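Heads up, the thing below is written out as structure tokens.
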Amino acid sequence: MSRASGKRVLYNPRFAADRPDAARPRLSFEGCMMHGIKRVPGLIRGVVVIAAASIALHAAAQGTPAPKGESAKAVPAIVTQVCAGCHGVDGNSVAPINPKLAAQHPDYLQRQLFSYRTKDGGGAPDRANPIMAGFAMMLTPEQVREVSVYYASQKLVPSAAREKELAFLGQKIYRGGIAAKGIPACSGCHGPTGAGIPAEYPRIGGQFAEYSAAQLVAFRQGTRQNSVQMSAIAERMSDAEIKAVADYLAGLR
């Protein structure tokens with residue numbers, strides 16, 4: 001419970017300052033916006049460099065080690081061979097440019113993997129990401145399902161909000177929307193705790209602020225086109241509103 005402008009304000013995001021991993025490296029909002037920028041010459045090379053850097057960061061940060069013994073048998077080979085480099089064996093990425101996949105709804109994860117694929121006839125994918133497109137195209141439908149179910153079964157290690165005033169604004173938008181701009185409350189689809197609705201809306205509570213912001217920018221710019229509803233909402237949001245909502249989501253439980 002906190003107070004802002006003399007009024008009682010309900011507030012529950014966890015802040016990085018209270019976390020032992022508060023010093024963890026993170027990217028700026030401006031830096032993460034590159035995920036939403038339309039393709040330009042040299043972008044693929046840049047993304048490859050960033051992906052390689054994120055893998056190095058994952059190793060340097062000594063994330064969750066691969067399970068051993070009996071528990072190792074439950075980890076699909078494709079996870080340890082491909083996915084873990086960026087998303088971690090347990091789905092808890094340590095690099096903000098790579099989303100946390102742990103506890104995400106399996107049907108949602110499947111849809112996203114298919115969204116990265118080039119459409120039949122050579123059409124552009126609904127989600128423009130050269131790195132993920134390469135991985136998604138090589139997976140069989142069975143592997144897509146296996147990876148999705150596996151990560152959905154893992155325990156989420158949530159992120160944390162970092163700027164209290166910013167998160168207060170994000171809380172206001174998340175819970176009540178912005179009527180003047182026709183922006184509905186995020187909680188209407190994603191729930192009061194950001195848990196989402198299985199097979200309908202994704203879990204967004206506890207996700208990296210940088211990643212959430214990047215996706216809203218991608219919806220706004222049209223580089224992510226797999227949700228007409230989100231595209232319509234994001235195009236009405238300013239950079240400040242996107243940043244506020246993303247920061248609030250990071251601490252939402």
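General remarks:
- Matching residues, the range 151-185, being touching a residue at least 60 places away in the same chain (Cβ under 8 Å), under 22 Å from R111 (Cβ atoms) and under 15 Å from the mean Cα position of the chain (by Cα): Y151, L156
- Meets criteria (within 23 Å of A160 (Cα to Cα), touching a Ser or Thr at 6+ places or on another chain (Cβ under 8 Å), modelled with pLDDT of 95 or more and among the small types (G, A, S)) for A240: no
- Considering the range 81-150, the qualifying helices (runs of 4 or more DSSP H), each wholly inside and each with 2 or more residues that are over 16 Å from the mean Cα position of the chain (by Cα), run over 130-138.
- Condition check for E235: within 16 Å of A185 (Cβ to Cβ) and among the charged types (D, E, K, R): no
- Residue check, F208 among the aromatic types (F, W, Y) and without any contact (Cβ under 8 Å) to a residue 60 or more places away in the chain: no
- Selection over the range 93-132 of residues that are at positive phi and free of Cβ contacts under 8 Å to residues at least 40 places away in the same chain gives a count of 2.
- Residue that is open to solvent by less than 50 Å² (accessible area, probe 1.4 Å), of a type in the set (G, A, S) and closer than 14 Å to V79 by Cα, where the choices are A136, A128: A136
- Count of the range 231-253 residues which are free of Cβ contacts under 8 Å to residues at least 40 places away in the same chain and not in a helix (DSSP H, G or I): 2
The values are calculated or read from the model by the stated rules, or taken from the named source; none is laboratory data. This one's a predicted model, so the numbers in the text were calculated from it and none came from an experiment. Don't worry about glycine lacking a Cβ; one is built from the backbone with ideal geometry, like all the others, and counts go over all protein chains shown. All accessible areas refer to the heavy atoms of the entire protein, side chains included, with ligands and DNA or RNA removed. Shrake-Rupley method; radii C 1.70, N 1.55, O 1.52, S 1.80 Å.
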